[in-house]
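No value in this document is a laboratory result; all are computed from the given coordinates. Nothing here was measured: the structure is a model prediction, and the numbers come from that model. Ideal geometry is used to build each Cβ from the backbone, glycine not excepted, and the neighbour counts take in all protein chains shown.
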Amino acid sequence: MQAMAQSHPNIALIKYWGKRDTAKNLPAVDSLSLTLGGLWTKMRIDLSNQLECDELIINGVNNESNLSRVSQCLDLVMGKNRKFAKIISECNFPISAGLASSSSSFSALVVAANAVMNKKSDTQLFASQAGNISGSAARSLLGGIVELKNISNTIKIKQLSNVTRWPLSVVIAITDKNKKSISSSKAMNLSSHSSPFYSAWIENQSPDMNEARLAVKEKDFAKLAAVSEHNCLKMHSVMWTTKPSVVYWNAATLNCMHAIRDLQQSGEPVFFTMDAGPQIKAVCLPENETRIIKRLAEIDGVESIMTSSLGEAPTSSTQL
Ligand code: PMV
């Protein structure tokens, strides 16, 4: 039996950083994200009696380092008595580099694993399964602009805006394709124990969520820009004040931020956000995309540019 799924990564505008339950991998805060249609992960699962263990191939190369998390995810969806699987993953963007590859990978894996078991599609269940492995992956189960809420001992996802209601563009300036120095899971765990700003970060998330939700409802770009940059810089302040400090940015990241601030001064509707990595994501309106690309491409240290509009929920197919 074989199943395939394709899913898009998402970037949070109102971020998740820290867990309220490490065993269940439940996030400490609600979050809000954009699903990125231009970036994708394709995941194929082949179940076989011939295999003696799971095998993972990412972009044509055998991958040992992510295998245990992938096997853990399959156990969760399919049960521990499952057959072993060959998992073939293909990604059209750098992985483990702060571009949310875990969100597209684990959402695709959950969708493919459920498809291979012939399970009925259940977005909330799939989101909690994906979220169990990677907090951000839960949000990739829906397209457009998505909210993730903490509800007692689980999470719920909701689409706030579909891909056509408020089309937004994301210009991604890649400043370093290498694997990040510390995983987000490890780093957020350190933050929760050592940053003096961590409790303030948790306490102030609700007002940011309310503001962003309202901005999406009103399609108010300036309001969304202000709260998103504020929330992003707060998360990075928690990272910077972690012991030992977690600094994902490089010089080009900072130069891109300044360039975006200059563009804002000249009236361009654009704002930045960064995650656990040095890449800059500039959110803008589709009609402004070309000017943003041109400006960011000029900056020293920007290796390449990717662009994306909002993307849809994952898709899947099966084959005997
Ligand atoms: O899903 P994880 O465990 O890789 O954590 C991702 C955390 C951030 O990308 C930094 C923020 C977010 O909300 O996606």
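Legend: Rg and Dmax of the range 2-164, from Cα coordinates, 14.9, 46 Å. Result for the chain in a Gaussian network model with C-alpha springs under 10 Å: among SER121, SER199, SER152, the largest mean-square fluctuation is at SER152. Extension gain, LEU214 to GLU287: 0.36 nm times the residue separation minus the Cα-Cα distance gives 24.0 nm. Based on the Stokes-Einstein relation at 25 °C and a viscosity of 0.890 mPa s, and on the Kirkwood radius from alpha carbon pairs, the chain is assigned a translational diffusion coefficient of 124 µm²/s.
Within the shell defined by Cβ-Cβ distances under 13 Å, the residues around GLY18 carry a net charge of +2, with Lys and Arg each +1 and Asp and Glu each -1.
Here the range 257-306 was treated as a single set of alpha-carbon atoms; its pair distances binned every 5 Å from 0 give 4, 19, 36, 27, 12, 2 percent.
Ordering 103-111, 286-294 by mean Cβ neighbour count within 10 Å, with the highest value first, yields 103-111, 286-294. This model, with +1 at the C-beta of Lys and Arg and -1 at the C-beta of Asp and Glu, gives the range 1-117 a dipole about its Cα centre of some 260 debye. Peptides 174-184, 221-231 ranked from most to least packed by the mean count of surrounding Cβ atoms within 10 Å: 221-231, 174-184. Among LYS86/LYS217; LYS80/LYS177; LYS19/LYS158; LYS19/LYS294; LYS120/LYS149, which pairs are too far apart, with a Cα-Cα distance over 31 Å? Those over the limit are LYS86/LYS217; LYS80/LYS177; LYS19/LYS294.
Taken about its Cα centre, the chain carries a charge dipole of about 680 debye when Lys and Arg each add +1 at the Cβ and Asp and Glu each add -1 at the Cβ. Packing order of peptides 27-40, 88-101, 238-251, 264-277, highest average first: 27-40, 88-101, 264-277, 238-251 (average count of other Cβ atoms within 10 Å over each peptide's residues). Taking the charge dipole of the chain about its Cα centre, with +1 at Lys and Arg Cβ atoms and -1 at Asp and Glu Cβ atoms, the residue from ASN210, TRP240, GLY311 reaching farthest to the positive side is ASN210.
All alpha carbon pair distances within the range 157-301 were sorted into 5 Å bins beginning at 0; the resulting P(r) in whole percents reads 2, 9, 17, 19, 19, 17, 12, 4, 0. Under 12 Å from the Cβ of HIS230, count the other residues' Cβ atoms, weight Lys and Arg +1, Asp and Glu -1, and hand me the total. Every neighbour counted, the sum reads 0. Between the range 26-99 and the range 193-271, the alpha-carbon centres lie 29 Å apart. In summary, the lysines within cross-link reach of LYS180, defined as a Cα separation below 19 angstrom excluding same-chain residues under 8 places away, comprise LYS15, LYS243, LYS281. Label point 7 Å out from ASP21 along Cα-to-Cβ: which residues of the range 141-157 have amide N under 13 Å? It comes to 150-156, nothing else.
Spacing of the modelled spin labels on ASN204 and LEU76, each 7 Å from Cα toward Cβ, amounts to 3.0 nm. Treating r as the C-beta distance of ILE57 and ARG165 and R0 as 56 Å, the FRET efficiency rounds to 0.90. Taking only Cα atoms and a 10 Å spring cutoff, compute GNM fluctuations for the chain and point out the largest among ASN255, ASN25, ASN210. Sorting by GNM fluctuation, first place goes to ASN210. Estimated from helices alone, the mean residue ellipticity of the chain at 222 nm is -11000 deg cm²/dmol (sum of -39500 (n - 2.57) over DSSP H runs with n ≥ 4, per residue).
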